[in-house]
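Every read-out reported here was derived from the displayed coordinates using simple, explicitly stated rules and does not represent laboratory data. None of the values given here were measured: they were computed from a predicted structure. FYI the Cβ positions are ideal-geometry reconstructions off the backbone, even for glycines, and counts take in every protein chain you see.
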Amino acid sequence: AKEPVRVLVTGAAGQIGYALVPMIARGVMLGADQPVILHMLDIPPAAEALNGVKMELVDAAFPLLKGVVATTDAVEACTGVNVAVMVGGFPRKEGMERKDVMSKNVSIYKSQASALEQHAAPNCKVLVVANPANTNALILKEFAPSIPAKNITCLTRLDHNRALGQISEKLNVQVSDVKNVIIWGNHSSTQYPDVNHATVMTPSGEKPVRELVKDDAWLNGEFITTVQQRGAAIIKARKLSSALSAASAACDHIRDWVLGTPEGTWVSMGVYSDGSYNAPAGVIYSFPVTCKNGEWTIVQGKNTGKYDPITC
Ligand code: NAI
């Protein structure tokens, strides 16, 4: 039998946490044959709710779940973890300036970064979900200098999956037949969802999305704004921000990173930029990546002339 993998979820008593921990315990993130031990961190005001989540995990009797650590202590939470999904943070609220959120997140990510640096398992893979995700990931990286930059990523897979979903709805095809969209840049409304290399598997073979959709005005307009503003549309409809789709995307991100992307397929991940595609170096930026043996690699050569996502 495989040794259990320890997976940390911070902000585990929150909405995304509540959707995410059962997925992890079911094997959605690391595979149906991979036992897991869940580490859940939240802050003291949420301790009782966190304990409630732990009770439900016990009640769900997940066969793969070999243990649960539920704590408000960052060191205890980070000790020995192989995967860390950082969902906890201070989201921007109405009337708050960006810099106010930033200073709150700096103090949160500073202490969690050092707890991870000192206590996580070697080669721990980190995924930052909490917004602003790119910035929080960079803050974490700055305060955990001994964690290799390649191990610190942020979530743009939700945007990637939203783009796949929009194409599948537009063409009335299965989402599993659509692949290779790209999210460039940030997880924010300034991201660039790019379909210029995306394809659909059809009965007569793989076809470019641009050829099938035909409607360039839609692809260059409404498609992009729908993906960019999907988060806001979900809040409007649900009165709460995306949770199940965010949790599912976090599982997709880690699964592909650990187990590899399928041949001929890339996914979008926010990773430490080496300046590829003239994106600024040294920031956490979303690129198309393939993964193999637990390592991501930026896919090169995918800019497309007048649609060049970085200069456009
Ligand atoms: P939520 O407010 O329901 O849950 C957040 C949880 O984090 C709460 O339980 C809170 O007590 C906890 N928390 C706060 N400070 C903490 C700290 N210092 N340490 C540990 N836990 C802490 O929020 P929700 O809906 O679960 O969203 C979480 C974050 O994910 C937000 O920042 C949100 O903007 C972001 N998000 C990111 C997405 C992405 O695609 N990258 C998509 C959707 C949400």
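Observations, loosely collected:
- Residue list for segment 241-257, restricted to those being closer than 16 Å to M23 by Cα and away from the ligand (no atom under 13 Å from the Cβ): I254, R255, D256
- Within the set S176, S168, S188, the sole residue that is in contact with a strand residue (DSSP E or B) (Cβ under 7 Å, 6 or more places away or on another chain), within 26 Å of K302 (Cα to Cα), surrounded by fewer than 18 Cβ atoms within 10 Å (Cβ to Cβ) and polar (S, T, N, Q) turns out to be S168.
- Restricting segment 222-262 to residues that are touching a residue at least 12 places away in the same chain (Cβ under 8 Å) and acidic (D, E), the residue that is nearest to S188 (Cα to Cα): D252
- Among the residues listed as Q118, Q112, the single one being assigned to a helix (DSSP H, G or I), buried (at least 18 other Cβ atoms within 10 Å of the Cβ) and either out of contact with any strand residue (DSSP E or B) (no Cβ under 7 Å at 6 or more places or on another chain) or not small (G, A, S) (or both): Q112
- Count of residues meeting criterion [assigned to a strand (DSSP E or B) and away from the ligand (no atom under 16 Å from the Cβ)] in segment 27-64: 2
- Scope segment 129-167; condition closer than 11 Å to I284 by Cα, more than 14 Å from the ligand (Cβ to nearest atom) and hydroxyl-bearing (S, T, Y); matching residues: none
- Restricting attention to segment 140-175 and to residues that are part of a loop (DSSP other than H, G, I, E, B) and hydrophobic (A, V, I, L, M, F, W, C), the residue that is nearest to S103 (Cα to Cα) turns out to be A144.
- Criterion (under 26 Å from W266 (Cα atoms), part of a loop (DSSP other than H, G, I, E, B) and in contact (Cβ under 8 Å) with a residue 60 or more places away in the chain) met by exactly one of N134, N196: N196
- Beta carbons closer than 7 Å, at least 6 apart along the sequence or on distinct chains, pair a first residue in segment 76-101 that is near the ligand (Cβ under 8 Å from one of its atoms) with a second that is assigned to a loop (DSSP other than H, G, I, E, B) and among the aliphatic types (A, V, I, L, M) for V87/V129; V87/A130; G88/A130; G89/A130.
- Considering segment 102-128, the residues that are among the β-branched types (V, I, T) and within 11 Å of the ligand (Cβ to nearest atom) include one that is farthest from Y285 (Cα to Cα), namely I108.
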